[in-house]
1. Anything in the range 286-306 that is surrounded by fewer than 16 Cβ atoms within 10 Å (Cβ to Cβ) and under 17 Å from I341 (Cβ atoms)? List them, or say none.
2. Give the range 239-280 a look and list any residue that's among the polar types (S, T, N, Q) and crowded, with 21+ Cβ neighbours inside 10 Å, or say none.
3. Could you tell me whether the range 141-151 includes any residue that is outside the structural domain of E325 (by TED's automatic domain parsing) and under 20 Å from the mean Cα position of the chain (by Cα)?
4. Being touching a helix residue (DSSP H, G or I) at 6+ places or on another chain (Cβ under 8 Å), at pLDDT 90 or above and of a type outside the set (A, V, I, L, M, F, W, C) is the filter; apply it to the range 61-76 and report the residue that is farthest from S105 (Cα to Cα).
5. If I filter the range 307-328 down to residues being under 19 Å from G355 (Cβ atoms) and surrounded by fewer than 19 Cβ atoms within 10 Å (Cβ to Cβ), which single residue comes out as farthest from the chain's Cα centre (by Cα)?
6. Only one of these conditions is not met by A283: (1) without any contact (Cβ under 8 Å) to a residue 40 or more places away in the chain; (2) surrounded by 19 or more Cβ atoms within 10 Å (Cβ to Cβ); (3) of a type outside the set (F, W, Y). Which number is it?
7. Please determine whether any residue of the range 134-151 is more than 14 Å from I56 (Cα to Cα), part of a helix (DSSP H, G or I) and either in contact with a Pro (Cβ under 6 Å, 6 or more places away or on another chain) or of a type in the set (D, E) (or both).
8. Report yes if K28 is charged (D, E, K, R) and in contact (Cβ under 8 Å) with a residue 12 or more places away in the chain, otherwise no.
Amino acid sequence: METDWTTLITQLIWIIFFIMIFTGANQKIQMKLWGIDIRNKLSLINKYLLEDRNKIENILRNLGVETPSVLIRRATNFFTIDPVSIEPTDIIKRMDHLIRISDKSFRNLVSLYVKNIDKYEKSLVETSLSIYAAINQVYKIIRHYLLLAEKENNWILLMQLELQMPQILKIVETYHEALDPFTKGKPIGDSAGPLVVYRLIENGKIVSKTVVEETSITELWMDNRRIYVIKAEGPGSNVGRPGHVLADLVEKLNGNVDLIITIDAALKLEGEELGEIAEGVGAAIGDPGPEKIAIERAATKYNIPLRALIIKMDFKDAIYTMKKEIFEACERAYDYTRRLIRELTPPNSTIIVAGIGNTIGVPG
């Protein structure tokens, strides 16, 4: 009798299983489970958005902004359309123009609401709004694909979204945590390049300093060589225009430059040590294209050796408060840079060293 019951239950389970397969009920149940999990993660992202919005609103109110919600809404919905790429002719020039206009327009937008503050505080506000806008954009895109998948009963789209959610959530959490250093003006991992070259400025004999397009050029003597140090003007949240400024400097010097070194943070591979330093050839700069190609063209035109140093870190380390390991790596990179200069150039040479990255918390 017991065997009969076991057989009956087994057969019943198989019948239910086949019914679910033929009717698609198993797929609907799976979609429902995926939808619930995505919605839970979406709710968490929305929680981050509310926290960040409240934090930014408080900062804006303290700066005298009467309607911070209006500024946040306008800044969040601000966008830039990429140039046409199907016709590559002058695409770099067009991209550079759009980037310049976009940056200027966003800053003018912030200036309409945030008045009577120095450019240091203003830069922190601009970056904080950009971080909030990035998180908000991710939230809207996830919500769009979730609703679209459910509306069209597209289980493949829903499955892809479910599989990508852990990685997306990790990126969102990184941006959420990064708001703290940008609201308080702390150096971040991406400030490694500017920090390394600032050490050159600290230890060299300064001849002159100028600022062009929010990018500082410091001429100094060190190790019996003339060195031009280029970095974004600090200590505000600023990346400057190091590529174009470097190219203009090379032209002013009539190409009489013996070496160009660019120093930047770079994403490390899993398994690589945080703060590992690597040396290479080329322009170490992670912009969309205009700044990098300006450096490459200047070096190529006058046949100037182009060397690069990178300090490796992961994405979270790059935009969060600078860790001890990265700071120590910057000290080693400073020594590495001086050694490269001595190895690759004779005394009385002219060298350009550019520290690439966000110079927040780094003066000069």
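1. Hit for the range 286-306 is P305, nothing else.
2. Of everything in the range 239-280, just one residue is among the polar types (S, T, N, Q) and crowded, with 21+ Cβ neighbours inside 10 Å, namely T262.
3. Yes, the conditions are met somewhere in the range 141-151.
4. Looking at residues that are touching a helix residue (DSSP H, G or I) at 6+ places or on another chain (Cβ under 8 Å), at pLDDT 90 or above and of a type outside the set (A, V, I, L, M, F, W, C), I get R61.
5. Ranking the qualifying residues of the range 307-328, first place goes to E328.
6. (1)
7. yes
8. Spelling it out, it is not the case that K28 is charged (D, E, K, R) and in contact (Cβ under 8 Å) with a residue 12 or more places away in the chain.
The values are calculated or read from the model by the stated rules, or taken from the named source; none is laboratory data. Remember, predicted model here, so these are calculated numbers, not experimental data. Because the Cβ atoms are built from the backbone with ideal geometry, glycine has one as well, and the counts that use them run over all protein chains shown.
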